[in-house]
Amino acid sequence: MGDIFMSVVKRCLELIINVVREGFIKNFYRCIILINFKLKP
C-alpha cells in the first residue's frame, strides 16, 4: 500500500512540476516579447 501511495505522489509531483515549468516558460517568452516590443523605436 505504501509503494502505491508513493508512486501516486511522485506522479502528481511530476505533473505539477511540468505544469509549473510550462507556465514559467510561457511567461518568460511573453516577457521577452514585451521587452523586445518596448526596446524597438
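Just so it is clear, none of the values below were taken in a lab; they were calculated from the coordinates. Worth saying up front: this structure is predicted, and the values here are computed from it rather than measured. Neighbour counts are summed over all protein chains in view; Cβ atoms, including those assigned to glycine, are modelled from backbone coordinates with ideal geometry.
Table: residues versus (1) loosely packed, with under 10 Cβ neighbours inside 10 Å; (2) touching a residue at least 24 places away in the same chain (Cβ under 8 Å); (3) in a loop (DSSP other than H, G, I, E, B).
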residue: 3; (1), (2), (3): yes, no, no
residue: 11; (1), (2), (3): no, no, no
residue: 14; (1), (2), (3): no, no, no
residue: 17; (1), (2), (3): no, no, no
residue: 21; (1), (2), (3): no, no, no
residue: 25; (1), (2), (3): no, no, no
residue: 41; (1), (2), (3): yes, no, yes
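Of everything in segment 27-39, what is loosely packed, with under 10 Cβ neighbours inside 10 Å and charged (D, E, K, R)? Give them in sequence order.
Correct list: 38 only.
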